[in-house]
Amino acid sequence: RAYIPINKFRGFTLAFGKDIYDIEFYADNKEYNYNVDMYGGEILAMDYEIDKKYYAKLSGKPVDEAGAIELVKAQIPNCTTGDIKLKLEHDDDYLQYEGRAQVNGVLYEFTIDKNTGTFVEWKWKNHK
């Protein structure tokens, strides 16, 4: 169970055909956003993103496309190589793999820093 300070609660809205809590908070140089069903407590969507001002501080090993695919498979249960769509993009001064995968009714979108193998953006949304 997590406790979010009331000043981090952004409110509620209608999404996914449900009343949801939209919760945003910052931790470890990342901005997180959760959409939670108001009545059942189910997490319907989640995303995080590392602020670009922290990119220079990222550490890790460079990854090629095959390595990026393996990183994604390690994050998504039952994901196969065929589930993943990936492309190399240049964003400002950074080479990044941008991609998506759909597994068991959940859509995942992500961005991986090519130089460090770090997920700088991660999103998922339940489409069941």
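The values are calculated or read from the model by the stated rules, or taken from the named source; none is laboratory data. These figures come from a predicted structure and were not determined experimentally. Methodologically, a virtual Cβ is constructed for each residue, glycine included, from the backbone with ideal geometry; neighbour enumeration extends over all protein chains shown. Side chains are part of the model used for accessible areas, which takes the heavy atoms of the whole protein and leaves out ligands, DNA and RNA. Shrake-Rupley method; radii C 1.70, N 1.55, O 1.52, S 1.80 Å.
Out of the stretch 51-69, which residues are at pLDDT 95 or above and open to solvent by less than 80 Å² (accessible area, probe 1.4 Å)? Hits for the stretch 51-69 are V63, A66, G67, A68, I69. Report, by residue number, each residue of the stretch 29-41 that is over 23 Å from N104 (Cα atoms), open to solvent by 50 Å² or more (accessible area, probe 1.4 Å) and in a loop (DSSP other than H, G, I, E, B). Across the stretch 29-41, the qualifying residues are N29, Y39. The set of residues in the stretch 84-124 that are under 25 Å from Y34 (Cβ atoms) and hydrophobic (A, V, I, L, M, F, W, C) comprises I84, A101, V103, V106, L107, F110, I112, F119, V120, W122, W124. Among what's in the stretch 14-27 and is modelled with pLDDT of 85 or more and exposed (fewer than 15 other Cβ atoms within 10 Å of the Cβ), pick the residue that is farthest from F119 (Cα to Cα). Ranking the candidates gives E24 first.
Against the numbered list (1) more than 26 Å from D19 (Cα to Cα); (2) open to solvent by 40 Å² or more (accessible area, probe 1.4 Å); (3) out of contact with any helix residue (DSSP H, G or I) (no Cβ under 8 Å at 6 or more places or on another chain), L88 comes up short only at (3). Cβ-Cβ contacts under 6 Å between residues 6 or more apart (or on different chains), taken from a first residue in the stretch 45-58 that is under 23 Å from D22 (Cβ atoms) to a second residue that is charged (D, E, K, R) and assigned to a strand (DSSP E or B), are listed as A45/K125; D47/K123; Y48/K30; E49/E31; E49/E121; I50/K30.
Those strands (runs of 3 or more DSSP E) of the stretch 42-128 in which at least 2 residues are over 17 Å from the mean Cα position of the chain (by Cα), considering only elements entirely within it, cover 84-91, 94-103.
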